[in-house]
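Data first, discussion second: the structure below is written as structure tokens.
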Amino acid sequence: MFKRMSSRDHEPSNESPGGSASRSDGQDSRTWSFLKQPDQVVGGGLLVVLLVLMIVKWGTLSGWGSRPVEITQVPAVENRFRLNINSATAVEWSQLDGIGEVLAARIVEDRNTNGPFESLDDLLRVEGIGRQTLEQIRPWLTTKQNQKNNRPTTRN
């Protein structure tokens, strides 16, 4: 019949008429947003990670922590290719400055007709090669066989 009252029954209730718990400051004690507390922690952590990544990216784009690269130019190397005048083809001859396709064909034809050249000066027997042309191409010519940069001897 009589119900015994406890001390809880005399304290003011924290439940609002809608059934949700409210704090004494009038705010909802659950959350102010639609996310639950574990979701808020994960979201906050992701925002912190995103902020750190953005700072790192900004730092790399601005050159933070980098050193300038020194580029040294390699000195020019002298062309050591030497063309063997007794085995060079017309195509190889035409690669030299001052020797065109027609003159290259004449050199090979003279070599085939009159035999191999004994010296570089023997090139003067070819029509179209004068002293000036010979001196211009002399650094790239040789009569020696089996040099390091030469092909094996072949006749055309």
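Quick note: the coordinates plus some simple rules give every number you see, no bench work behind them. As the structure is a prediction and not an experimental result, all values here were calculated from the model. Note: ideal-geometry Cβ built from the backbone for every residue, glycine included; neighbour counts use all protein chains shown.
When you count the other C-beta atoms within 10 angstrom of each residue and take the mean per peptide, 115-122, 86-93, 65-72 line up highest first as 86-93, 115-122, 65-72.
For the range 125-135, 3J(HN,Hα) computed residue by residue from phi via the Karplus equation (6.51, -1.76, 1.60; θ = phi - 60°) reads 6, 7, 5, x, 10, x, 4, 5, 5, 4, 5 Hz, glycine and proline entered as x.
Here the 3J(HN,Hα) profile of the range 43-53, calculated from phi with Karplus coefficients 6.51, -1.76 and 1.60 at θ = phi - 60°, is x, x, x, 5, 5, 5, 4, 4, 5, 5, 4 Hz, Gly and Pro shown as x. Once amide H atoms are built 1.01 Å from N in the peptide plane, which residues 5 or more positions from Leu83, or in another chain, come under 5 Å H to H? Placed amide hydrogens put Leu141, Thr142 under 5 Å from Leu83.
Stokes-Einstein at 10 °C, 1.306 mPa s, Kirkwood radius from Cα pairs: D for the range 83-142 in µm² s⁻¹? Show your work: numbers first, answer last.
Details: Rh = 11.2 Å.
After rounding, the answer is 142 µm²/s.
Estimated at 0.36 nm per residue, the fully extended path between Arg125 and Lys144 surpasses their Cα-Cα distance by 4.9 nm.
Applying 0.36 nm per residue to the separation of Leu51 and Ile71 and subtracting their alpha-carbon distance, the gain on full extension is 3.7 nm.
Other residues with beta-carbon under 11 Å from the beta-carbon of Asp122 carry, at +1 per Lys or Arg and -1 per Asp or Glu, a net charge of -1.
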